[in-house]
Amino acid sequence: MKRTYFKPYLLFVILMLMALDVMVAQKSEVPEESWEKRFNKIQPPEKIMDAIGLKEGMTIGDIGAGRGRFAVWFSARVGESGKVYANDINKGVLDHIERRCERNNIRNIITVLGEVEDPLLPEGELDIAFMINVYHHLDKPVKLVRNTIPSLKPNGILAIVERDQEKAGGVSWESTPKKRLIEQVESAGYKLVKVDDSLEEDYLYIFRVK
(Lines give C-alpha, C1' and ligand atoms only; values in the text may rest on other atoms or scores of the structure.)
Protein backbone atom coordinates (compact mmCIF):
# COMPACT_ATOMS: atom_id res chain seq x y z
CA MET A 1 0.00 0.00 0.00
CA LYS A 2 1.39 3.39 -1.03
CA ARG A 3 1.50 6.02 1.69
CA THR A 4 0.48 9.61 0.96
CA TYR A 5 2.50 12.30 2.69
CA PHE A 6 1.37 15.89 3.26
CA LYS A 7 4.18 17.86 1.67
CA PRO A 8 5.46 20.85 3.68
CA TYR A 9 5.15 23.26 0.76
CA LEU A 10 1.41 22.53 0.51
CA LEU A 11 1.02 23.56 4.13
CA PHE A 12 2.94 26.78 3.36
CA VAL A 13 0.64 27.57 0.43
CA ILE A 14 -2.47 26.97 2.52
CA LEU A 15 -1.19 29.21 5.32
CA MET A 16 -0.34 31.98 2.83
CA LEU A 17 -3.83 31.80 1.32
CA MET A 18 -5.38 32.00 4.77
CA ALA A 19 -3.26 35.07 5.59
CA LEU A 20 -4.32 36.68 2.30
CA ASP A 21 -7.97 36.10 3.14
CA VAL A 22 -7.47 37.83 6.51
CA MET A 23 -5.76 40.80 4.84
CA VAL A 24 -8.56 41.17 2.31
CA ALA A 25 -11.17 40.92 5.05
CA GLN A 26 -9.40 43.59 7.10
CA LYS A 27 -9.18 45.94 4.13
CA SER A 28 -12.84 45.43 3.27
CA GLU A 29 -13.75 46.73 6.72
CA VAL A 30 -13.02 50.26 5.47
CA PRO A 31 -15.85 51.26 3.09
CA GLU A 32 -14.26 53.32 0.32
CA GLU A 33 -16.52 55.23 -2.02
CA SER A 34 -15.53 55.01 -5.69
CA TRP A 35 -14.31 58.61 -6.00
CA GLU A 36 -11.98 58.18 -3.02
CA LYS A 37 -9.74 55.48 -4.45
CA ARG A 38 -7.72 57.82 -6.67
CA PHE A 39 -7.05 60.22 -3.80
CA ASN A 40 -6.16 57.39 -1.43
CA LYS A 41 -3.39 56.28 -3.78
CA ILE A 42 -1.79 59.73 -3.57
CA GLN A 43 -2.51 60.11 0.15
CA PRO A 44 -2.43 56.52 1.53
CA PRO A 45 -4.56 56.49 4.70
CA GLU A 46 -2.60 53.71 6.41
CA LYS A 47 0.70 55.51 5.82
CA ILE A 48 -0.67 58.80 7.12
CA MET A 49 -2.24 57.19 10.19
CA ASP A 50 1.09 55.54 11.01
CA ALA A 51 2.90 58.87 10.57
CA ILE A 52 0.60 60.72 12.98
CA GLY A 53 0.69 57.89 15.51
CA LEU A 54 -3.00 57.06 15.49
CA LYS A 55 -3.66 53.93 17.55
CA GLU A 56 -6.52 51.87 18.87
CA GLY A 57 -8.44 53.58 21.64
CA MET A 58 -7.47 57.13 20.67
CA THR A 59 -9.79 60.05 19.95
CA ILE A 60 -9.22 62.08 16.79
CA GLY A 61 -10.95 65.15 15.40
CA ASP A 62 -11.21 65.23 11.60
CA ILE A 63 -11.54 68.96 10.91
CA GLY A 64 -13.13 69.65 7.55
CA ALA A 65 -14.04 65.99 7.22
CA GLY A 66 -16.06 66.50 4.05
CA ARG A 67 -17.82 63.29 3.01
CA GLY A 68 -15.77 61.20 5.44
CA ARG A 69 -12.94 59.91 3.26
CA PHE A 70 -10.50 59.75 6.17
CA ALA A 71 -13.04 59.51 8.99
CA VAL A 72 -13.95 55.93 8.03
CA TRP A 73 -10.27 54.91 8.08
CA PHE A 74 -9.82 56.59 11.46
CA SER A 75 -12.87 54.70 12.69
CA ALA A 76 -11.35 51.34 11.78
CA ARG A 77 -7.97 52.23 13.29
CA VAL A 78 -9.18 53.50 16.69
CA GLY A 79 -11.70 50.67 17.04
CA GLU A 80 -14.64 50.35 19.39
CA SER A 81 -12.70 51.83 22.29
CA GLY A 82 -11.78 54.94 20.29
CA LYS A 83 -13.73 57.84 18.88
CA VAL A 84 -13.76 60.00 15.75
CA TYR A 85 -15.26 63.50 15.67
CA ALA A 86 -16.04 64.39 12.05
CA ASN A 87 -16.25 68.17 11.84
CA ASP A 88 -17.36 70.43 9.01
CA ILE A 89 -19.20 73.71 8.48
CA ASN A 90 -21.37 72.09 5.79
CA LYS A 91 -24.31 70.21 7.29
CA GLY A 92 -24.94 68.43 3.99
CA VAL A 93 -21.63 66.55 4.06
CA LEU A 94 -22.14 65.68 7.73
CA ASP A 95 -25.53 64.22 6.83
CA HIS A 96 -23.74 62.15 4.18
CA ILE A 97 -21.30 60.84 6.80
CA GLU A 98 -24.16 59.88 9.08
CA ARG A 99 -25.84 57.95 6.28
CA ARG A 100 -22.53 56.33 5.48
CA CYS A 101 -22.10 55.25 9.10
CA GLU A 102 -25.62 53.85 9.22
CA ARG A 103 -25.10 51.95 5.96
CA ASN A 104 -21.82 50.42 7.15
CA ASN A 105 -22.73 49.94 10.81
CA ILE A 106 -20.07 52.40 12.01
CA ARG A 107 -20.75 53.47 15.58
CA ASN A 108 -17.69 55.45 16.70
CA ILE A 109 -17.99 58.51 14.42
CA ILE A 110 -19.71 61.59 15.85
CA THR A 111 -20.48 64.50 13.51
CA VAL A 112 -19.90 68.07 14.70
CA LEU A 113 -21.19 71.14 12.87
CA GLY A 114 -18.55 73.80 13.38
CA GLU A 115 -18.09 77.47 12.58
CA VAL A 116 -15.66 79.28 10.27
CA GLU A 117 -13.49 80.37 13.20
CA ASP A 118 -14.10 77.48 15.60
CA PRO A 119 -14.49 73.72 15.00
CA LEU A 120 -16.54 73.47 18.23
CA LEU A 121 -14.93 70.17 19.17
CA PRO A 122 -15.32 68.89 22.75
CA GLU A 123 -12.85 70.31 25.24
CA GLY A 124 -9.85 68.22 26.28
CA GLU A 125 -10.78 65.06 24.40
CA LEU A 126 -8.54 64.86 21.35
CA ASP A 127 -5.28 62.98 21.06
CA ILE A 128 -5.03 64.30 17.51
CA ALA A 129 -6.68 67.15 15.61
CA PHE A 130 -6.33 66.43 11.90
CA MET A 131 -6.80 68.26 8.59
CA ILE A 132 -6.27 67.00 5.07
CA ASN A 133 -6.92 69.07 1.92
CA VAL A 134 -8.46 71.69 4.20
CA TYR A 135 -6.00 74.37 5.27
CA HIS A 136 -6.02 76.32 1.99
CA HIS A 137 -9.84 76.54 2.18
CA LEU A 138 -9.88 78.19 5.60
CA ASP A 139 -11.08 81.81 5.63
CA LYS A 140 -9.46 82.44 9.02
CA PRO A 141 -6.84 79.71 9.51
CA VAL A 142 -5.04 81.30 12.47
CA LYS A 143 -8.25 81.75 14.47
CA LEU A 144 -9.48 78.26 13.65
CA VAL A 145 -6.30 76.44 14.69
CA ARG A 146 -6.07 78.63 17.80
CA ASN A 147 -9.63 77.66 18.71
CA THR A 148 -8.69 74.01 18.27
CA ILE A 149 -6.24 74.15 21.18
CA PRO A 150 -8.87 73.70 23.94
CA SER A 151 -10.02 70.43 22.35
CA LEU A 152 -6.56 68.83 22.63
CA LYS A 153 -5.33 66.71 25.51
CA PRO A 154 -2.12 67.97 27.21
CA ASN A 155 0.07 65.88 24.88
CA GLY A 156 -2.24 66.14 21.88
CA ILE A 157 -1.05 67.09 18.41
CA LEU A 158 -2.33 69.02 15.42
CA ALA A 159 -1.57 67.18 12.15
CA ILE A 160 -2.04 68.94 8.80
CA VAL A 161 -1.68 67.36 5.36
CA GLU A 162 -1.40 70.11 2.78
CA ARG A 163 -0.42 70.17 -0.87
CA ASP A 164 2.90 71.82 -1.66
CA GLN A 165 3.28 73.71 -4.94
CA GLU A 166 6.78 72.43 -5.72
CA LYS A 167 6.03 68.82 -4.81
CA ALA A 168 2.90 68.96 -6.96
CA GLY A 169 4.91 69.98 -10.01
CA GLY A 170 4.25 73.70 -9.83
CA VAL A 171 0.48 73.43 -9.32
CA SER A 172 -0.45 76.36 -7.10
CA TRP A 173 -4.18 75.75 -6.67
CA GLU A 174 -5.33 74.07 -3.48
CA SER A 175 -1.97 74.52 -1.81
CA THR A 176 -0.28 76.56 0.89
CA PRO A 177 3.42 77.48 0.87
CA LYS A 178 5.28 75.63 3.62
CA LYS A 179 6.78 78.75 5.17
CA ARG A 180 3.42 80.53 5.36
CA LEU A 181 1.62 77.57 6.90
CA ILE A 182 4.26 77.06 9.59
CA GLU A 183 4.36 80.77 10.45
CA GLN A 184 0.56 81.01 10.70
CA VAL A 185 0.13 77.91 12.85
CA GLU A 186 2.99 78.89 15.15
CA SER A 187 1.47 82.36 15.54
CA ALA A 188 -1.70 80.63 16.76
CA GLY A 189 0.14 79.08 19.71
CA TYR A 190 1.78 75.92 18.38
CA LYS A 191 5.34 74.79 17.81
CA LEU A 192 6.40 72.66 14.85
CA VAL A 193 7.48 69.15 15.79
CA LYS A 194 8.00 67.51 12.42
CA VAL A 195 7.56 67.91 8.67
CA ASP A 196 7.11 64.61 6.81
CA ASP A 197 7.86 64.90 3.08
CA SER A 198 7.21 61.27 2.10
CA LEU A 199 3.88 61.94 0.35
CA GLU A 200 3.74 62.53 -3.41
CA GLU A 201 2.26 66.04 -3.48
CA ASP A 202 1.85 67.00 0.16
CA TYR A 203 3.73 67.79 3.33
CA LEU A 204 2.52 66.34 6.62
CA TYR A 205 3.03 68.86 9.43
CA ILE A 206 2.86 67.88 13.09
CA PHE A 207 2.49 70.57 15.76
CA ARG A 208 2.14 70.65 19.54
CA VAL A 209 0.81 73.44 21.68
CA LYS A 210 3.56 75.76 22.99
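The values are calculated or read from the model by the stated rules, or taken from the named source; none is laboratory data. This structure is a prediction, so every number in the text was calculated from the model and none was measured. A quick note on method: Cβ atoms are made from the backbone with ideal geometry, for glycine too, and the neighbour counts reach across all protein chains shown.
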*Out of 186, 174, 125, sole residue that is over 21 Å from the mean Cα position of the chain (by Cα) and of a type in the set (Asp, Glu)*: 186
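Quick check: is even one residue across region 66-74 closer than 23 Å to residue 193 by Cα and either β-branched (Val, Ile, Thr) or surrounded by 18 or more Cβ atoms within 10 Å (Cβ to Cβ) (or both)? Spell out the reasoning first.
Filtering region 66-74 for residues closer than 23 Å to residue 193 by Cα gives 70, 74.
Add one more test, that the residue is either β-branched (Val, Ile, Thr) or surrounded by 18 or more Cβ atoms within 10 Å (Cβ to Cβ) (or both), and what stays is 70, 74.
There is at least one residue in region 66-74 that is closer than 23 Å to residue 193 by Cα and either β-branched (Val, Ile, Thr) or surrounded by 18 or more Cβ atoms within 10 Å (Cβ to Cβ) (or both).
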*Within the bounds of region 155-162, is there any residue that is over 23 Å from residue 201 (Cβ atoms) and either buried (at least 21 other Cβ atoms within 10 Å of the Cβ) or modelled with pLDDT of 95 or more (or both)?*
yes
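Please verify whether region 58-77 includes one or more residues that are of a type in the set (Gly, Ala, Ser), more than 23 Å from residue 174 (Cβ to Cβ), out of contact with any Asp or Glu (no Cβ under 6 Å at 6 or more places or on another chain) and not in a helix (DSSP H, G or I). So that I can check it myself, show each step before the final result.
Restricting attention to region 58-77, the residues satisfying the condition of being of a type in the set (Gly, Ala, Ser) are 61, 64-66, 68, 71, 75-76.
After this cut, where a residue has to be more than 23 Å from residue 174 (Cβ to Cβ) as well, the list is 75-76.
Then drop every residue that is not out of contact with any Asp or Glu (no Cβ under 6 Å at 6 or more places or on another chain), which leaves 75.
Filter once more, so that each one left must be not in a helix (DSSP H, G or I): none.
No: zero hits.
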*If you scan region 189-210, which residues turn out to be under 18 Å from the mean Cα position of the chain (by Cα) and either among the acidic types (Asp, Glu) or at positive phi (or both)?*
196, 197, 200, 201, 202
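Table: residues versus (1) touching a Leu at 6+ places or on another chain (Cβ under 9 Å); (2) surrounded by 20 or more Cβ atoms within 10 Å (Cβ to Cβ).
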position: 107; (1), (2): no, no
position: 129; (1), (2): yes, yes
position: 141; (1), (2): yes, yes
position: 151; (1), (2): yes, yes
position: 166; (1), (2): no, no
position: 184; (1), (2): no, no
position: 195; (1), (2): yes, no
position: 201; (1), (2): no, no
position: 208; (1), (2): yes, no
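Identify, from the list 119, 141, the residue that is of a type outside the set (A, V, I, L, M, F, W, C), in contact (Cβ under 8 Å) with a residue 24 or more places away in the chain and touching a Gly at 6+ places or on another chain (Cβ under 8 Å).
On the way: 141 fails: touching a Gly at 6+ places or on another chain (Cβ under 8 Å).
The match here is 119.
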*For residues that are touching a strand residue (DSSP E or B) at 6+ places or on another chain (Cβ under 7 Å) and part of a loop (DSSP other than H, G, I, E, B), scanning just region 134-157, find the one that is farthest from residue 49 (Cα to Cα).*
148
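Among the residues of region 170-210, what is the count of those that are in a loop (DSSP other than H, G, I, E, B), of a type in the set (Val, Ile, Thr) and either in contact with a His (Cβ under 8 Å, 6 or more places away or on another chain) or in contact (Cβ under 8 Å) with a residue 40 or more places away in the chain (or both)? Before the answer, list the steps.
Our first condition is that a residue be in a loop (DSSP other than H, G, I, E, B); within region 170-210, this holds for 170-177, 188-189, 197-201, 210.
From what's left, of a type in the set (Val, Ile, Thr): 171, 176.
Within this subset, residues satisfying the condition of being either in contact with a His (Cβ under 8 Å, 6 or more places away or on another chain) or in contact (Cβ under 8 Å) with a residue 40 or more places away in the chain (or both) are 176.
Residues flagged as in a loop (DSSP other than H, G, I, E, B), of a type in the set (Val, Ile, Thr) and either in contact with a His (Cβ under 8 Å, 6 or more places away or on another chain) or in contact (Cβ under 8 Å) with a residue 40 or more places away in the chain (or both) within region 170-210 amount to 1.
Of the residues 117, 166, 102, 98, which single one is at pLDDT below 95, over 21 Å from residue 56 (Cα atoms), acidic (Asp, Glu) and not in a strand (DSSP E or B)? Show your work before the answer.
Numbers: 117 fails: at pLDDT below 95; 102 fails: at pLDDT below 95; 98 fails: at pLDDT below 95.
Testing whether each residue is at pLDDT below 95, over 21 Å from residue 56 (Cα atoms), acidic (Asp, Glu) and not in a strand (DSSP E or B) leaves just 166.
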*Being of a type in the set (Lys, Arg) and in contact with a strand residue (DSSP E or B) (Cβ under 9 Å, 6 or more places away or on another chain) is the filter; apply it to region 159-206 and report the residue that is farthest from residue 126 (Cα to Cα).*
167
*Residues of region 34-57 classified as assigned to a loop (DSSP other than H, G, I, E, B) and of a type in the set (A, V, I, L, M, F, W, C), total*: 2
